[in-house]
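Read the figures in this text as sums done on the coordinates, not as results from a lab. Bear in mind that the values here come from a model prediction, so they are computed numbers and not experimental data. Cβ placement follows ideal geometry from the backbone for every residue including glycine, while neighbour counts extend to all protein chains displayed.
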Amino acid sequence: MAAHDGTADTPAPDGAPAAAPDRPSALRRLLRNRTVLAATAAGLAGVLLGAGTVAWRTDTLPLLKPAPCWDSLSGAGTSALFGDRRLEVDEQDLRRDPRTASLSYGQCRITSFKGDRARRQVIVRVHALDGLYGTDDRRWPAEFLSSRMVPLGDGLPGMVSASRAWLAVPQSCVGRPGLSEGATVVDVALGEHDFDSPSDYDGPDRDALARVTVEAANGVIRELGCSGAYKAPGKLAPLPDWEDVKPDAFCGVKGLRLPTAYREPLERYRVSGEGGVARTCEAGGRRDPDVRLSTVVDPGVAEVYSRELLKGGARVPGTRGSGVIAPNRAVYEVTCQTGPVVMTVENLDTFRSDADIVRDLLPGYVRAEAERIGCGPVQVRLPAR
């Protein structure tokens, strides 16, 4: 069974009807049934480890296993992430619960082992971004829209870093989002996100994650009965690096001045790769970042802030849009020619009590970013203290 290489035609445009998928062969359907697979493997090689979990090496039993994660990941992709180690895969069927408001389709977990010791783990999730209940408005942007990310490339609506990656599933496959529901995404997590220390493995890991994410998304498209596929990712932008702060162009934004009070603690910054669905800057000292500023231009991704824009703090009116502000975070939606754009300013050092950095940065950030992305002049009026 040939491995899918992700080079087929790109998916149909959003809203277009999906063509009928090619029906897999009887053998392929049989091998994608993990219950049958596990029982067969147990009888022949004793590799059944438990209900729903199968272990193998990439060079064993090639005719008795589907590829991991909905028959999507190639041997080259998993080898780049895990090497030639024993893998255990725990995979859920992709199915939203029709009786609840659940936004999850399911997930797939791959763990590599050296002997009996687990070494690496990747979790692939398929879910619609939540803008109604607020479950995605904090952690998901912090992990998947961070300053470590770069775009996956032309025709690939997603981003990737050395530990996180995501790609949106076409609306032609999953349908248009419901009320306060964002894009349906396939996101991939490798290890802990909070561990932000440069490594010689960052480049290879990021390239492998990009490939795995596109392959997984194509597997999801097929599993949901849709046609088309994303192309393989090309050469990625360089890994974002830390730079010294320029007070008159804070975060690399022309016209955004950093108030004098913050020039000592905010001495360096890092900006995610340009040209993607989001641009994020994190700034701070020589340890953890103290502030995060993001601009999200994709409406389906910006939907994660819907609840906060309604109930997240005091109202912030403006000439083209409106927002909210709270002590540690402000969210502002600008009305642009291309649709709504959401900008956020977040204080990550919540123990500081001698500054009001969110309030001090928001008006200048919205004004400068609106000019940068071509949304015209925007003036923000802060509420009274």
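Numbers for the structure displayed
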{"item": "Selection count where residues are without any contact (Cβ under 8 Å) to a residue 60 or more places away in the chain, surrounded by 20 or more Cβ atoms within 10 Å (Cβ to Cβ) and not in a loop (DSSP other than H, G, I, E, B), scope the stretch 128-166", "result": "5"}
{"item": "Extreme residue, farthest from LEU361 (Cα to Cα), among residues of the stretch 239-264 that are in contact (Cβ under 8 Å) with a residue 40 or more places away in the chain and surrounded by fewer than 17 Cβ atoms within 10 Å (Cβ to Cβ)", "result": "LEU239"}
{"item": "Residue list for the stretch 167-190, restricted to those being assigned to a loop (DSSP other than H, G, I, E, B), farther than 16 Å from GLU223 by Cβ and either without any contact (Cβ under 8 Å) to a residue 60 or more places away in the chain or not hydroxyl-bearing (Ser, Thr, Tyr) (or both)", "result": "ARG176, PRO177, GLY178, LEU179"}
{"item": "Given (1) more than 24 Å from PRO240 (Cα to Cα); (2) surrounded by 22 or more Cβ atoms within 10 Å (Cβ to Cβ), index of the condition GLU308 fails", "result": "(2)"}
{"item": "Residue selected from the stretch 279-305 under the condition among the small types (Gly, Ala, Ser) and buried (at least 22 other Cβ atoms within 10 Å of the Cβ), by the criterion farthest from the chain's Cα centre (by Cα)", "result": "ALA283"}
{"item": "Residue pairs meeting the criteria (Cβ under 8 Å; at least 6 apart or on separate chains; first of a type in the set (Ser, Thr, Tyr), in the stretch 314-331; second loosely packed, with under 15 Cβ neighbours inside 10 Å and not in a strand (DSSP E or B))", "result": "THR319/PRO377; THR319/GLN379"}
